[in-house]
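Okay, so here's the structure we're looking at.
Read-outs: derived from the displayed coordinates by stated rules, not from any lab. All of these numbers come straight from a predicted model, not from anything done at the bench. Note that each Cβ is placed from the backbone with ideal geometry, even for glycine, and that neighbours are counted across all protein chains shown.
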Amino acid sequence: MKNSKYIFAFLALLAAACDLTQEIDLELPDAGGQPVVECYLEPGEPYRLLLTRSSAYFDDFPQDPQEFIDQILIDSAEIEIRRGAETIPLDNVANIDFDFSKLYNYSSTELVPYDTLSDFELFILLPDGSSIEASTMILPVVPIDSVVIEFPEEEVDPDSIPKARALTYISDNPTQVNYYRRMYHWNSLDSIPEQDFVTSDDFVDNGTLVFGTGFDYPVGDTLYNSIFHMTEDYYNYQLSIFNSIAANANPFAPPGLIESNVRGSSDPLGIFTGLSIYRDTTIVEE
Amino acid sequence: MRVNSSSYIPNVVKPEIMKLTFSLSLLFVVHLIYGQVTISGTVRDGETGETLIGATVFIEESGSGSSTNAYGFYSLETESQDSITLVYSYVGYQSERKRIGGRESRVIDVDLSGEGIDLEEVVVQSNSFREQLRSTQMSVENITTAEAKLLPAFFGEVDILKTIQLKPGIASGSEGRTGLFVRGGSPDQNLIVLDEAVVYNPNHLFGFFSTFNADAVKNVEIYKGGFPAEYGGRVSSVIDVKLRDGNDKKFSGSGGIGLITSRLTLEGPLIEDKSSFIVSGRRTYVDVFTRAVNRANEDNEDFNAIPNYYFYDFNAKVNYSLGERDRLFLSGYFGRDKFSFEDEVFTFGFDWGNATGTARWNHIFNQKLFSNTTFTFSDYDYEISNELTGFSFSLGSSVRDISLKSDFYYALSNSHDIKFGANVIRHQFDVGRLKAGSDDGEVSFSAGEQLTGLQFGAYVSDEMNWGDRLKANLGLRFSGFHNETTYLGLEPRAAFNYSLTDNLSLKASYARMMQYVHLVSTASLALPTDIWYPSTETVRPQISNQVAVGGALLLGDGYYLTNEYYYKKLDNQIEFANFAELFANDNLEEEFLFGEGYGYGMELGFEKKVGKLQGWLGYTLSYVRRREFASINGGNEFFPVFDRRHDFTAVGIYKFNKKYSLSATWVYGTGDRVWVPVSRIVHQGAPGADVEPFVTQYQEPRNEFRQPAYHRLDLGLVINFFPSWGESDLTISVYNVYDRRNPFFITLQPEFPDDFEDQTVGLEVPQGITAEQVSLFPILPSVTWNFKF
C-alpha cells in the first residue's frame, strides 16, 4: 500500500480543510487481558522478556507512567528459556536498557551467546496456570558492506547549506530467502528512527541491496544505520504490527490480525526471536 | 493439460440440454410453414440518425408486435393480407403510423421525430412501461444520458454510473464513489462493457468519477439477474454502455464548462445519410492552478510543492453504411489519470487508464436474420515511476484483451425470437511488473508475472410466447477458459413472464454465471493498482446461481410498480490472506483464499412517468454473507463490508416549463460494515524502535460493526436558454444539501496533551482514545454551463 499514502494524504488534507472529522460513540465488547510477549535474544545482552496484557480499546490510561506500566505488566510468571541442554530461568526482576529506553519485567544475568546453530525454546507458566510456548533461532548477522555519503551533483541553491544522503549497501545471499529490517537514526540511537521498515529479498537480482535516505544531512551529522537479519516469524510479526497501526488510520489499508509466533493455552500474542543486528555509525563529511 | 469439465456440467443439466436442442430444431422446421409475410427494418431518430434501442413496432390488424434490438433492427411476421398498418413508437418521440401492402414481405426503415411533443410528455426512459411489463426480462435497469442530465450531479459532473446507483438493488460503495455492489456481489463481479469492449477499471480519481463521458453515451443498461444468454464472464451484473453513433444529418456540437472539467463533443455526417462521426473529450483542470501556484512559489523555501493531478478521456466513433444490408462501426475510448510530483531531486509519476477499441459489422442476411460481428480491444494498465538521483523505480500491471464475437438474431416467428452466437477472448496479464535499481546497474530488483488465458463461449436462446399470457426466454451458454488448465461450464438461463391481467405480470428467472478473471484488491475503495488475475489450476472460476421471482404492476399509463425477491449463491469466491502483499509478488496465488457466499433480499420500485412531476422510489432489503474461507473466522460465516441492510432512494424531477426544471434525490443506506479493533497492546519493539503504546488489535469475527447510516439530499436546477445559435443551459447542483457528515471511515485516535511533542523513544502515555468518523464531502454547490449548437 505504499502509494496509498499519497492518496490518503490528499483525502486527509481535504477532510482537515473542511473540518470533516467528528467524534462518535462506539460501543466495543469487553476485550483485553490477552498475554503479550516480547522477547528479543540479542547476542551479548542479557536474556530478558517483557510480559504484558492487552487492554480493551477504551480502557483508561493512567497518567502516571508507573501506574500505567503496573496496569499492563503480568508479574509472578515462571519463565525459562532452553538452548540445547541448557536452561536459563528468567526472574521477575526489572531490567532497563538505558541505551534504548527499554523496560523488561523478566530477565537473567546470563548473556545471550551468538549461537546460530541451536534452537531456543521459551516456556512460560502464567499465574493462572495457563502456558505460553515458542521457539526461535539466532540468524547470522548480515554486515553492512558500505555506507556511501553523496551530495547532489547539481548545486540546488548556492545560499543553502549542502546536504547529503547516505546509501547503505548490503550483500544478500541469493541461495535462501532472507528478511531484513532497516532502521536508521539521526544523531542519537535513543531517538525515533528516521526509517523503520521490513523487507524480503524476493526481488533482488544481483545480490546487492541498497537503502537510501533523502538529501537531508549536512556535514557533521551522525547517522546510525542498522540492518536486522530477521527470521520469517519476526518479519511476519513486525509487518503485521506496522500494518495494524496503518489500518487504523488509513482507509486504503485493510485491517488484519497480528501474526505472532507464541502459542499456548493462554491464547497469547507476541514474538520470541533472535536479533541479528549490524549497526554502522557514519558522520557526514565533505 | 487437465480438463475440469465434468465438475461444471452437472448431470441433471444434460437431459435439459438435449430437450432444448430438440425443441430448437423443431422450431426451425415449423418455420417452413408458408402464408406469412415478414416486415423488418431499422428505427432511427429522425433528427440525428441515431438508431433507437427498444422502439416498439406493432401491427394494428393482428395486435402482434416486436421491439428493436440493440442495433435498432426489428423483424415481425403476420398473416398475408391486403394491407397492414404498422405503428412505430418510442417514448419521447411522435408515433409513426404506416399503411402498407400486406401481400409480400417488406423492409421498412422509419425515422421518428421528437419534435412537437409537449415537454411533460417527454419521458426519459427508452422502454415503455408496457414493454417492460410484457418482457420476460426482469432485474434490469435502464438509464439514458438525457435522464442523468436532469438530476443533481456531484461537482456538476453528470455521471451515468452514479445515476444508476439510484436504482433499486444497486448499492454504491460509499461516499461519492462509482463502485457498484449488486445483489451481494462485489464490484469486480460486474461486467462493464463500452460498445461491447470490456472496461476493466471504470473509475477516475479513485472512483469519485466514472470513465464514461455522459455526452458520448447513448444508453446504459444494467442487468442484476435473469441474465440473457449472450452475456457471460461475470457473476453479479452486466452493465452495457452504448456510445452514440453521431448525427448523420447535420454537423453539431455540444459541451460544457464546469468546476472540475470542461467537455466538448462534435458530430456530423461524413457522407450524408451514409456515414457519420462523433468525437468527444473532457479534461479536468485543477492541475492548471496547482502548477501556477507551484511556479509562483518556486523561490519560497517554506513552500511544499502541490502534486499535480488531472484526468482526461476521449471517445470517437465513425459509422459507415455499406448499403441496405451492411453497416460498419469503429469506436474507441482512451482515458488516463495522471498524478505527478517533482522537485530538485525527486520525480514521482503515477498514471493509469483504459483504452478500448471496437470494430463492428452489422449485416442483415434477410428479413429474419440479423448479425452483429464485433472485434474489440481492451487495455487497462497503471504505472508508478519514481526517480531519485542515481536510482529509479517502476511498478506496473496491465490486462489486455482482444476478442471476436458474433451474435445472430433470428426472428423465427412472432412467437419465437432466437439469438445465438459465440465469442472468444484472448487475455494477457502483466502482473506486478517491478523494475528498480541504480543507474549504474550495481543494484537491481525485478519482479513480475506474465500470464495469458483464452476465454470462449457460445450460446443460444429463444424468446417464446406460449399462448397469450405466458412468455418464456430459455437459453443456454457454454463457456470455457484455457491456459495451464482448462475449465468448461454450462450456464443455463431461464426467464418467465405470466400476465395475470393486462396490467399485472408475474416474473421468475434463473441464471448461472461463470467468471474466469478476478480482481486482486483488498481495499474497499477502488484503487488504480487493483489488478486482474486469470483462473489457474489453483484459482478456480467464480460461479453464481441466482433465482429471482417478482411482479410488475402498471397503474394507469404512467405509474409502474415492481417487486422482486432474489437469492444468489456464489461459489469459489476470493478473499486475500492477512495483510497480503498484492503489489509486487511473484507468488501472488499464495495470497488467495477461497470460500463461498450468498446473498438474498427484496427490491421494491415505483416509477412515475406522467405529468410535470416524474421520478421514482426504490427500496432494497438485502443480506450478504461469506463463509468457508479456511483462514478467515475459522471457516465460519462473516459479513463482507457491503452487507447493507436497507437502501432507500427517492428521485424527483419537476418540469415547470421548457425553461426550468428542478430535481431532487434523497438516498438513505444502512451504514457499511467495518472491522474495528476491540483491544490494544503496548508494543515496546526491538532496541532502536519506537515504543507503540496503542497498537490496534483486530480480532475475529471481522466486520461486526456498522458505520452510522448514510443519507444525503441533492438538489439540481436546470435553466434552459434558447439563443439563435442553438441551446444552452445552466445546471446548478447542490450536493449534500443539509450538510450531513456521512462516514467515510472510522479511526480510533489517541489523545495527547496539547503541548505533547513525540520526539524521543520511550513510553508516552496518551490521555485517552476517541473514536472519530472521517467524512469526505460537506455541502458542495456547483454550476455547469452546457451548450449545444
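For helix B:14-30, report the angle its Cα long axis makes with the longest principal axis of the Cα atoms of chain B; keep it between 0 and 90° and round to the nearest 10°.
30
Write down the Kirkwood hydrodynamic radius of segment B:411-460, to one decimal in angstroms, obtained as one divided by the mean of 1/r over all alpha carbon pairs.
Numbers: mean 1/r = 0.0653 Å⁻¹.
Computed over Cα pairs of segment B:411-460, the Kirkwood hydrodynamic radius comes out at 15.3 Å.
For segment A:107-172, what is the Kirkwood estimate of the hydrodynamic radius, computed as the reciprocal of the mean inverse distance between distinct Cα atoms, to one decimal in Å?
Radius from the Kirkwood sum: 17.4 Å.
Tell me, B:H204, B:H518 in order of fewest to most beta-carbon neighbours within 10 Å?
B:H518, B:H204
Which entries of B:K569/B:K608; B:K317/B:K788; B:K162/B:K338; A:K102/A:K163; B:K609/B:K659 show an alpha-carbon separation above 28 angstrom in the structure shown?
B:K569/B:K608; A:K102/A:K163
Test of understanding: express the Cα radius of gyration of segment A:162-220 as a ratio to 2.2 N^0.38 Å, with N the residue count. Can you show the working numbers first?
Details: Rg = 13.6 Å, N = 59, 2.2 N^0.38 = 10.4 Å.
Against the compact-globule rule of thumb, the ratio is 1.31.
Restricting to the protein assembly as shown, compute how many DSSP beta bridges are antiparallel as a %, nearest 5.
95
For segment B:446-460, what does the Karplus curve 6.51 cos²θ - 1.76 cosθ + 1.60, with θ = phi - 60°, yield as ³J(HN,Hα) per residue in whole Hz, taken in order and with x for Gly and Pro?
Working through the residues one at a time gives 7, 7, x, 9, 10, 9, 10, x, 10, 10, 9, x, 8, 8, 8 Hz.
May I ask for the percentage of alpha-carbon pairs in segment A:142-270 that lie more than 20 Å from each other?
Within segment A:142-270, distances greater than 20 Å cover 58 percent of Cα pairs.
Restricting everything to alpha-carbon atoms, can you work out Rg to Rh for segment A:78-130 with a Kirkwood hydrodynamic radius?
Numbers: Rg = 12.6 Å, Rh = 12.5 Å.
Expressed as Rg/Rh, it is 1.01.
Based on the Cα atoms of chain B, what semi-axes does the equivalent ellipsoid have, where each is the square root of 5 times one gyration tensor eigenvalue, given in whole Å with the largest first?
On the way: eigenvalues 425, 199, 143 Å².
Values for chain B, descending: 46, 32, 27 Å.
Each residue of segment B:399-411 in order: what ³J(HN,Hα) in whole Hz does its phi give by Karplus 6.51 cos²θ - 1.76 cosθ + 1.60, θ = phi - 60°, with x for Gly and Pro?
9, 9, 10, 10, 9, 10, 9, 10, 10, 10, 10, 10, 8
Go through segment A:270-286 residue by residue and turn each phi into a ³J(HN,Hα) via Karplus (6.51, -1.76, 1.60, θ = phi - 60°); whole Hz please, and just put x for glycine and proline.
Once θ is set to phi - 60°, the couplings for segment A:270-286 become x, 9, 10, 8, x, 10, 10, 10, 10, 10, 10, 10, 10, 9, 5, 10, 4 Hz.
Pick out, in residue order, every one of the chymotrypsin sites (Phe, Trp or Tyr not before Pro) in segment B:355-415 that is DSSP loop and has at most 16 other C-beta atoms within 10 Å; say none if there are none.
The qualifying sites are B:F365.
Can you give the Kirkwood hydrodynamic radius of chain A from its Cα pairs, in Å with one decimal?
One decimal place: 21.7 Å for the Kirkwood radius.
State, to one decimal in nm², a quarter of the convex hull surface area for the C-alpha atoms of the protein assembly as shown, i.e. the direction-averaged projected area.
About 46.4 nm², averaged over all directions.
Between segment A:213-286 and segment B:552-589, what is the separation of their alpha carbon centroids in Å?
38
Once both axes come from the Cα atoms, what is the angle between helix B:286-296 and the longest principal axis of chain B, in degrees from 0 to 90, rounded to 10?
Its long axis makes an angle of about 30 degrees.
Determine the equivalent ellipsoid of segment B:544-687 by diagonalising the alpha-carbon gyration tensor, then write out the semi-axes as square roots of 5 times the eigenvalues, largest first, rounded to whole Å.
43, 21, 14
Counting only residues 5 or more places away or on other chains, whose amide H sits under 5 Å from the amide H of B:F694 once H atoms are built in the peptide plane?
Amide H to amide H, under 5 Å and 5 or more residues apart or across chains, B:F694 pairs with B:H683.
Could you tell me what percent of the DSSP beta bridges with both partners in chain A are antiparallel, to the nearest 5?
90
Which cross-chain or sequence-distant (5 or more) residues have an amide H under 5 Å from the amide H of A:I192, H modelled 1.01 Å from N in plane?
Correct list: B:V761.
Hey, can you list the DSSP H helices of chain A whose Cα span along the axis is 24 Å or longer and whose average Kyte-Doolittle score is at least -0.5?
A:232-249
Calculate the tail of P(r) for segment B:307-443: the fraction of all Cα-Cα distances greater than 18 Å, expressed in %.
I get 70 percent for the Cα pairs in segment B:307-443 exceeding 18 Å.
Output the Cα-based Rg and Dmax of segment B:667-745 in Å, rounding Rg to one decimal and Dmax to a whole number.
Rg, Dmax (Cα atoms, Å): 24.2, 78.
Return the long-range amide H neighbours of A:M183 (sequence gap of 5 or more, or a different chain), with a cut-off of under 5 Å between placed amide H atoms.
Residues meeting the amide H criterion: A:S226, A:F228.
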